[in-house]
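Structure first, commentary second.
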Amino acid sequence: MVNLSNIERVQALLAALPAAIHGHALALLERLGDRDPYTGPFGWQLGLHYTERTPGRTRCTIDIDASYYNPGGVAHGGVIFTLADSAMGAAVYTVLEPGQRCTTAELKINYLAPVRQGKTTATATVISRRRTLAVVTADVRDEGGELVALAQGTFAIIRADAPLPAEGDG
């Protein structure tokens, strides 16, 4: 077995990809190099960045380019959903007590306009925080300030040492 350096591995992987997607692969590598420490590995892949964190409110951005497109040539709805969910979860984290964490229990989103490119921002606000649940809203705006999505979610507040729920657990 040949032991390749990391650079050689990246070059070999890039060479193995169809030329039409080289730009997308390079965009992903650039996002990984410009990672926000608050987002974690999934957020790094998407290029999420938190620009505001105050009690009960956060703002999260992503720079939309063609690597986020669905087959229709606009940002995939899942990207916009993830942006809103990330901002909302982070807003809840700002009002938790020591030893607590939160997890999305339910989230609804209305898509109002497509996003094709540019900095897209979700601003999330905690509407209600109770002992075990928080209700949060987020508005998502494109680079020009146009409202492109509205989201509302419920987040469960649990002990930080509680086991993670299995998929489908109620």
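Counted by neighbouring Cβ atoms within 10 Å, the residues 85, 139 run from fewest to most as 139, 85. Hydrophobic long helices, here whole DSSP H runs in the chain with Kyte-Doolittle means of at least -1.0 and Cα atoms spread over 18 Å or more along the helix axis, are found at 77-93. Across the chain, the longest piece that holds none of the GluC sites (Glu not before Pro) lying in DSSP loops with up to 12 other C-beta atoms within 10 Å covers 1-145.
With R₀ fixed at 41 Å, the C-beta to C-beta distance from residue 21 to residue 51 puts the FRET efficiency at about 0.90. Taking every C-alpha pair closer than 8 Å and separated by at least 6 residues, the mean separation divided by the residue count of the chain gives a relative contact order of 18 percent.
Around residue 87, with a cut-off of 11 angstrom between Cβ atoms, what is the net charge of the other residues, counting Lys and Arg +1 and Asp and Glu -1?
Details: positive: 53, 57, 59; negative: 52, 85, 139.
For residues surrounding residue 87, the net value is 0.
Let me know the charge dipole size of the chain about its Cα centre in debye, to the nearest 20, where only the beta-carbon of Lys, Arg (+1) and Asp, Glu (-1) is charged.
About 420 debye.
Mind checking segment 108-139 for trypsin sites (Lys or Arg not before Pro) that DSSP puts in a loop (not H, G, I, E or B) and that have at most 12 other Cβ atoms within 10 Å?
Sites meeting the loop and neighbour criteria: 130, 131.
For residue 119 and residue 10, a Förster radius of 41 Å and the Cβ-Cβ distance give a FRET efficiency of 0.90, rounded to the nearest 0.05.
No lab work stands behind these numbers, since they all come straight from the coordinates. Quick caveat: nothing in here was measured; it's all calculated off a predicted structure. So basically every Cβ, Gly included, is an ideal-geometry build from the backbone, and we count neighbours across all protein chains shown.
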